[in-house]
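Worksheet: the structure to be examined is printed underneath.
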Amino acid sequence: MRTDHSRRNAAIYGHLHPSIYAVMVGLAVWLMFSVWLFFGGGRTGLPLAVVTIFVVISVLLPAILGRIRSRNRDPAKPRESESLPDWLSGQFETWPGRVAAHEAALEILLPIAAVALGMTIFAVVLHFDLGTMI
């Protein structure tokens, strides 16, 4: 975590940009499909259905809570509508302190992206390995 003087006047956000949520949903769907590709053969239908339900629930819960929050906003408060580049150039408020928003977005998205990419690589290697054995 670095601090420089040019970021002192940057906007401070206590929420994620909606595009970050959209990328998280896309990565969750990618992970779900790569798990289906890797474990899709044989008698794995029920465990795959359970994994799919967990992924759907983990995507739907934040979406539902976000809708509830947006409906219960104070009408006197102006709605913040910043662009993604503006949000990324600002600061993100966390419990231990402020970090650059682009660093926070990277720290949030990197774990699920790494797992989705890794599972896809496993599925592709398994596909080509089983293809040569047949």
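Bear in mind these aren't lab numbers, they're just calculated from the coordinates by the rules spelled out. None of the values given here were measured: they were computed from a predicted structure. Reconstructed Cβ throughout: ideal geometry from the backbone, glycine too, with neighbour counts over all protein chains shown.
Taking θ = phi - 60°, what integer Hz values does the Karplus form 6.51 cos²θ - 1.76 cosθ + 1.60 yield along region 14-27, in sequence order, with x for Gly and Pro?
Karplus values, whole Hz, x for Gly and Pro: x, 9, 7, 6, x, 5, 5, 5, 5, 5, 4, 5, x, 5.
Quick check on the chain: helices-only [θ] at 222 nm, where DSSP H runs of length 4 and up contribute -39,500 (n - 2.57) each and the sum goes over total residues. Nearest 500, please. Walk me through the numbers before you get to the answer.
On the way: 4 runs with 87 residues, N = 134.
The helix contribution divided over the chain gives -22500 deg cm²/dmol.
Shape of the chain from its Cα gyration tensor (a ≥ b ≥ c, root eigenvalues): rounded if a/c is under 1.5, otherwise prolate when a/b > b/c, or oblate?
oblate
Which trypsin sites (Lys or Arg not before Pro) does region 33-105 hold that lie in a coil by DSSP with at most 10 other beta carbons within 10 Å?
Loop-located and lightly packed - 43, 73, 79.
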